[in-house]
Amino acid sequence: MSDPSHSRWPRRLWVVRHGQSAGNVARDLAHAEGWMRIPLEIRDVDVPLSPLGEDQARALGHWFAAGHGNGRPDVILSSPYLRAQETARLFREAGGADPDERICSDERLREKEFGILDGLTTAGIHAEEPRQAEFRKLLGKFYHRPPGGESWCDVIFRLRALLDTVSLHYAGRDVLIVAHQVVVLCMRYIIENLSEAEILAIDKAGDVANCAVTEYAFDPAHGKDGGLKLVRYNVTAPMERGHEAAVTSAPDAMVGARG
């Protein structure tokens, strides 16, 4: 049995999707209206949180501060995208972590890149890029890589490297990661050694909610040498002032951006 004091894994790992973003709102509107493109004129990396997303991030910080997070992180890693950075900052300011705790950006946590499909709705992809729609149907979302973009496998490649860094520098620590929907799912795929069918079934069952927590704890009895064991998935903090935590209605499957 592995000695937890010499684990190569964090003591606890939380993976959090960013709060609702302006891109999530724009995407839902575009789908509801049947538009071809999401009405955003800024880069995906610069999309900020919506007011509700800011409230979600603060609520999560308050929830952790009240002891519901099973501890507080002493390491915060974040996607460099603005919506993830804002989520991490507001979480910290609300008491989710020590106010002096640095938020470390890591580009390997960035959103999945959609390439030529960026900004297109499902209807827009079928209308403007019908060949890519057919390729995706043939290959499946796990392996389909649009021109200039990434497949889920490409995201997994960079996350494997990210987890090597985490195990090297943050073993035995309490680590919070703030990123994006596909990143959360691909982290589950790696950590839990899931199959393509298993992770796609989880994805199909429902979106990862904005500011939802996926939590792992190191268990010395988990596997041959000990490992990270799933504690809970897709759990959101109670919202304040009567708000409800919103889940982005459109999944990644055939949407060009903003997850």
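Give the residue that is nearest to Gly67 (Cα to Cα), with candidates limited to residues of the range 84-112 that are open to solvent by 60 Å² or more (accessible area, probe 1.4 Å) and either among the basic types (Lys, Arg) or touching a residue at least 40 places away in the same chain (Cβ under 8 Å) (or both).
Of the range 84-112, the ones open to solvent by 60 Å² or more (accessible area, probe 1.4 Å) are 89, 93, 98-100, 102, 105, 107.
Narrowing further to those that are either among the basic types (Lys, Arg) or touching a residue at least 40 places away in the same chain (Cβ under 8 Å) (or both): 89, 102.
Values: Arg89: 19, Arg102: 21 Å.
Looking at the filtered set, the residue picked out is Arg89.
Examine the range 188-197 for a residue that is under 18 Å from the mean Cα position of the chain (by Cα), among the aliphatic types (A, V, I, L, M) and in a helix (DSSP H, G or I), and state whether such a residue exists.
Scanning the range 188-197, I find at least one residue that is under 18 Å from the mean Cα position of the chain (by Cα), among the aliphatic types (A, V, I, L, M) and in a helix (DSSP H, G or I), so the answer is yes.
Report yes if some residue within the range 57-70 is farther than 21 Å from Glu215 by Cα and either open to solvent by 40 Å² or more (accessible area, probe 1.4 Å) or in contact with a helix residue (DSSP H, G or I) (Cβ under 9 Å, 6 or more places away or on another chain) (or both); otherwise report no.
Step one: of the range 57-70, the residues farther than 21 Å from Glu215 by Cα are none.
No - not one qualifying residue is present in the range 57-70.
Ala257 fails exactly one of the following numbered conditions: (1) at pLDDT 95 or above; (2) of a type outside the set (D, E, K, R); (3) under 27 Å from Asp44 (Cα atoms). What is the number of that condition?
Answer for Ala257: the failing condition is (1).
If the Cβ limit is 6 Å and pairs must be 6+ apart or interchain, which residue in the range 47-70 that is under 10 Å from Gln20 (Cα atoms) and touching a residue at least 12 places away in the same chain (Cβ under 8 Å) pairs with which residue that is open to solvent by 60 Å² or more (accessible area, probe 1.4 Å) and outside any helix (DSSP H, G or I)?
That search, which allows pairs on different chains as well, returns Asp55/His243.
Given the conditions (1) modelled with pLDDT under 95; (2) open to solvent by 10 Å² or more (accessible area, probe 1.4 Å), report the number of the one that Arg27 does not fulfil.
Of the numbered conditions (1) modelled with pLDDT under 95; (2) open to solvent by 10 Å² or more (accessible area, probe 1.4 Å), the odd one out for Arg27 is (2).
Of all the residues that make up the range 123-176, how many are in a helix (DSSP H, G or I), of a type in the set (D, E, K, R) and under 19 Å from the mean Cα position of the chain (by Cα)? Steps first, please.
Restricting attention to the range 123-176, the residues satisfying the condition of being in a helix (DSSP H, G or I) are 123-128, 130-139, 152-169.
Applying the additional criterion that residues be of a type in the set (D, E, K, R) yields 128, 131, 134, 136-137, 154, 158, 160, 164.
With the extra rule that they be under 19 Å from the mean Cα position of the chain (by Cα), the set shrinks to 154, 158, 160, 164.
Residues that pass the stated criteria total 4.
Among the numbered criteria (1) open to solvent by less than 10 Å² (accessible area, probe 1.4 Å); (2) in contact with a strand residue (DSSP E or B) (Cβ under 8 Å, 6 or more places away or on another chain), which one does Arg37 miss?
Single failed check for Arg37: (1).
Which one of these is within 15 Å of Ala237 (Cβ to Cβ), under 20 Å from the mean Cα position of the chain (by Cα) and of a type in the set (A, V, I, L, M, F, W, C): Leu13, Leu82, Leu77, Leu52?
Leu52
Working carefully through the options Val178, Val155, Val208, Val183, find the one that is under 17 Å from Val75 (Cα atoms), at pLDDT 95 or above and crowded, with 22+ Cβ neighbours inside 10 Å.
Numbers: Val155 fails: under 17 Å from Val75 (Cα atoms); Val208 fails: under 17 Å from Val75 (Cα atoms); Val183 fails: under 17 Å from Val75 (Cα atoms).
The conditions single out Val178.
The values are calculated or read from the model by the stated rules, or taken from the named source; none is laboratory data. Only a predicted model underlies this, so the values are computations on that prediction, with no experimental measurement involved. Here the Cβ is made from the backbone with ideal geometry for all residues, glycine too, and neighbour counts use every protein chain on show. Note: areas computed on protein heavy atoms with side chains; ligands, DNA, RNA excluded. Shrake-Rupley method; radii C 1.70, N 1.55, O 1.52, S 1.80 Å.
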